[in-house]
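Written below as structure tokens is the structure these notes are about.
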Amino acid sequence: MTAATEVHRIVGGRLDGNCYVVACDGDAVVLDPGGEAGPVVDRCVAGGLRVHAVLATHGHADHLAAAVEVCRRLDAPFHLHPADAFLLPRVNFYRRFMTGEPPIDVPAVDVELGDGDTLRFGALAVTVVHTPGHTPGGVCLAIGDDVFTGDTLIGDRPGRTDLPGGDPVALARSLGALGRACPPGATIRPGHGAPVPAAAVPALREHLPGAVAS
């Protein structure tokens with residue numbers, strides 16, 4: 001019998017971002033550690049988890065603020081799509097502008113994520129879907145019946161496209177790709193807010209005025 005995948009959501013940071021610890025049979029990955037490192041590390045240690053990787057869905061501070069400390073304490077490499085590398089030197093400027101929070105240590109990218117990659121970490125398989133629009137290098141990460149979207153979705157709405165690198169046309173196309181990539185009955189787990197049924201994704205493109213989805 002295949003072990004069940006467990007998803008632990010840890011909400012943190014001034015923007016109430018969702019960090020996820022996803023585990024199966026003792027193997028785990030950490031997604032979007034944008035709040036405090038302590039609760040994330042504590043969850044992993046308490047569960048006796050082998051953390052193989054820390055992955056960010058995109059390059060904004062509220063999704064990677066704790067990445068350096070989490071990677072160091074759990075001895076795990078940091079993953080990001082290369083199209084968002086340009087955001088890293090600007091992370092603290094936008095963090096101060098958006099939330100007024102103090103500067104963070106900016107992570108170095110150990111592993112670049114690519115569209116269509118399937119990364120295997122023990123009992124876990126993570127499939128990468130490149131979903132530009134909120135940022136050029138935004139990705140969604142599919143693990144079993146769960147799809148982690150970062151800010152491709154914010155709650156039950158499409159992500160913002162008014163920040164540097166944002167593109168509403170690209171986001172509309174990405175929502176189409178996301179809808180096709182989701183397995184039947186999948187649960188969407190966004191970067192902020194509660195889970196969303198995958199069946200709701202196609203209609204979300206209607207909230208992007210002027211964008212043409214394909």
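The values are calculated or read from the model by the stated rules, or taken from the named source; none is laboratory data. Values in this document were obtained by computation on a predicted structure and should not be read as measured data. So basically every Cβ, Gly included, is an ideal-geometry build from the backbone, and we count neighbours across all protein chains shown.
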Those residues of the range 59-76 which are crowded, with 24+ Cβ neighbours inside 10 Å and farther than 22 Å from residue 26 by Cβ, in sequence order:
59, 60, 61, 62, 63, 64, 65, 66, 67
Boolean, residue 11 is of a type in the set (Val, Ile, Thr) and more than 15 Å from residue 146 (Cα to Cα):
yes
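Yes or no, residue by residue, for (1) under 12 Å from the mean Cα position of the chain (by Cα); (2) of a type in the set (D, E, K, R); (3) within 21 Å of residue 111 (Cα to Cα):
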position	(1), (2), (3)
8	no, no, no
11	no, no, no
26	no, no, no
34	yes, no, yes
43	no, yes, no
50	no, yes, yes
63	yes, no, yes
74	no, no, yes
(1) surrounded by 22 or more Cβ atoms within 10 Å (Cβ to Cβ); (2) at pLDDT below 90; (3) β-branched (Val, Ile, Thr); (4) within 15 Å of the chain's Cα centre (by Cα): which one isn't true of residue 131, the others all being true?
(2)
State yes or no: is residue 18 polar (S, T, N, Q), farther than 24 Å from residue 171 by Cβ and either within 19 Å of the chain's Cα centre (by Cα) or surrounded by 17 or more Cβ atoms within 10 Å (Cβ to Cβ) (or both)?
no
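Go over the candidates 190, 158, 136 one by one and state the one that is touching a residue at least 12 places away in the same chain (Cβ under 8 Å), within 23 Å of residue 35 (Cα to Cα), out of contact with any helix residue (DSSP H, G or I) (no Cβ under 9 Å at 6 or more places or on another chain) and of a type outside the set (Gly, Ala, Ser).
On the way: 158 fails: out of contact with any helix residue (DSSP H, G or I) (no Cβ under 9 Å at 6 or more places or on another chain); 136 fails: out of contact with any helix residue (DSSP H, G or I) (no Cβ under 9 Å at 6 or more places or on another chain).
Of the residues listed, the single one that is touching a residue at least 12 places away in the same chain (Cβ under 8 Å), within 23 Å of residue 35 (Cα to Cα), out of contact with any helix residue (DSSP H, G or I) (no Cβ under 9 Å at 6 or more places or on another chain) and of a type outside the set (Gly, Ala, Ser) is 190.
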Test result for residue 36, surrounded by 15 or more Cβ atoms within 10 Å (Cβ to Cβ), among the charged types (D, E, K, R), modelled with pLDDT of 95 or more and out of contact with any Leu (no Cβ under 9 Å at 6 or more places or on another chain)
yes
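For the range 1-100, give me every one of the strands (runs of 3 or more DSSP E) that falls completely inside it and has 2 or more residues that are β-branched (Val, Ile, Thr) and touching a residue at least 60 places away in the same chain (Cβ under 8 Å). Can you show your working first?
On the way: elements: 5-12, 17-24, 27-31, 50-55, 78-80.
In the range 1-100, the matching strands (runs of 3 or more DSSP E) lie at 5-12.
I'd like the full set of residues that are closer than 24 Å to residue 50 by Cα and either among the small types (Gly, Ala, Ser) or exposed (fewer than 15 other Cβ atoms within 10 Å of the Cβ) (or both), limited to the range 113-128. I'd like the intermediate steps shown before the answer.
Filtering the range 113-128 for residues closer than 24 Å to residue 50 by Cα gives 113-114, 117-128.
Passing the criteria: 114, 118, 120, 122, 123, 125.
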Scanning the range 152-192 residue by residue, those surrounded by fewer than 17 Cβ atoms within 10 Å (Cβ to Cβ), modelled with pLDDT under 90 and closer than 20 Å to residue 10 by Cα turn out to be 155
